[in-house]
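The values are calculated or read from the model by the stated rules, or taken from the named source; none is laboratory data. Keep in mind it's a predicted model, so treat the numbers as computed, not measured. Heads up, the Cβs are rebuilt from the backbone with ideal geometry, glycines too, and the neighbour counts pull from every protein chain shown.
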Amino acid sequence: MDAHFLGIPEIPELAETPSVAVVVDVMRAYTVAAWVFAQGAEKIVLAESLDDALALKTAHPDWMALKDGPPAPGFDMVNSPGMLRSADLRGRTVVQKTTAGTVGALAVKEASLVLCAGFVVAEATARLLRARQSDRVTFVVTGEDGRADEDLACAQYIARRATEPVTDPTEFLHRAAKSRAATELAEGVRQGVHPDDVELCLELDRFPFAMTAEPEGSLMVLRPYAVPPRPDNAPV
């Protein structure tokens, strides 16, 4: 598999639309998205802006809206996995708008396959890449214009798992734990944070599903995708 790693600002410079794109946001958009599905949500609509998120909720009063930072009028939740663990989202649609994660997915929405990932769905994401026999994969490192070490570490880990039968996650998780984002979350620099957020973002393979984003009408919609487990004796 030919893996390429780039930041959101580099996407418009690509000569052609990626065939397969894996959008990585560990802290915290796609850790949160996985928890949203684990709590029973049917789908996540990725919003272009905060105003769009509120407009979608107004048009669909039964939908719920989620954003980065502190609580705000009109939004039901904030972008914190720790705060979502007790939420009952069974059958709900959640509109998500974050600083980097949702932006990254929308930037590659023309790709044939868009996967959104963090460590919590790393193995399922790698299995799906193997199942699709993806020769060339573009990993979008969303944080810090492509320099966020937690996102790059996760992207590199998934790329390695997609091609190797055994991969030690220790180095990759250590890099993420020492990243700027982890430090800011732990020290309370960012708002809308639960004390368990960093730990939850570093839970490797917590969930058995991957997450695929596809256009549905005018919206980009994220859904969980069940990936069959790989038999122990199956080739990579």
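When V78 is tested against (1) of a type outside the set (D, E, K, R); (2) surrounded by fewer than 24 Cβ atoms within 10 Å (Cβ to Cβ); (3) under 21 Å from S218 (Cβ atoms), just one condition goes unmet, and that condition is (3).
Screening D2, D52 for residues that are of a type outside the set (V, I, T) and under 24 Å from T138 (Cα atoms) leaves exactly one candidate, D2.
Note on region 20-63: residues that are of a type in the set (S, T, N, Q) and either modelled with pLDDT under 95 or closer than 14 Å to P224 by Cα (or both) amount to 2. Within the option set F75, F172, F139, F119, being in contact with a His (Cβ under 9 Å, 6 or more places away or on another chain) and among the aromatic types (F, W, Y) holds for one residue only, F139. Residues in region 1-34 that are in contact with a Gly (Cβ under 9 Å, 6 or more places away or on another chain) and surrounded by fewer than 24 Cβ atoms within 10 Å (Cβ to Cβ): F5, L6, G7, I8, P9, E10, I11.
For region 88-101, which residues satisfy the criterion of being assigned to a loop (DSSP other than H, G, I, E, B) and not hydroxyl-bearing (S, T, Y)? Of everything in region 88-101, those that are assigned to a loop (DSSP other than H, G, I, E, B) and not hydroxyl-bearing (S, T, Y) turn out to be D88, L89, R90, G91, R92, A100. Restricting attention to region 56-71, the residues that are loosely packed, with under 15 Cβ neighbours inside 10 Å and either among the basic types (K, R) or more than 15 Å from V193 (Cβ to Cβ) (or both) add up to 5.
Total residues in region 145-179 satisfying the condition of being out of contact with any helix residue (DSSP H, G or I) (no Cβ under 7 Å at 6 or more places or on another chain) and of a type in the set (D, E, K, R): the figure is 6.
Inside region 78-92, residues that are over 27 Å from A155 (Cα atoms) and touching a residue at least 12 places away in the same chain (Cβ under 8 Å) make up a count of 6. Applying a threshold of 7 Å to beta carbon distances and a minimum spacing of six or more residues, or different chains, the list of pairs starting in region 204-223 at a residue that is in a strand (DSSP E or B) and ending at one that is among the acidic types (D, E) and surrounded by fewer than 17 Cβ atoms within 10 Å (Cβ to Cβ) reads V221/E214.
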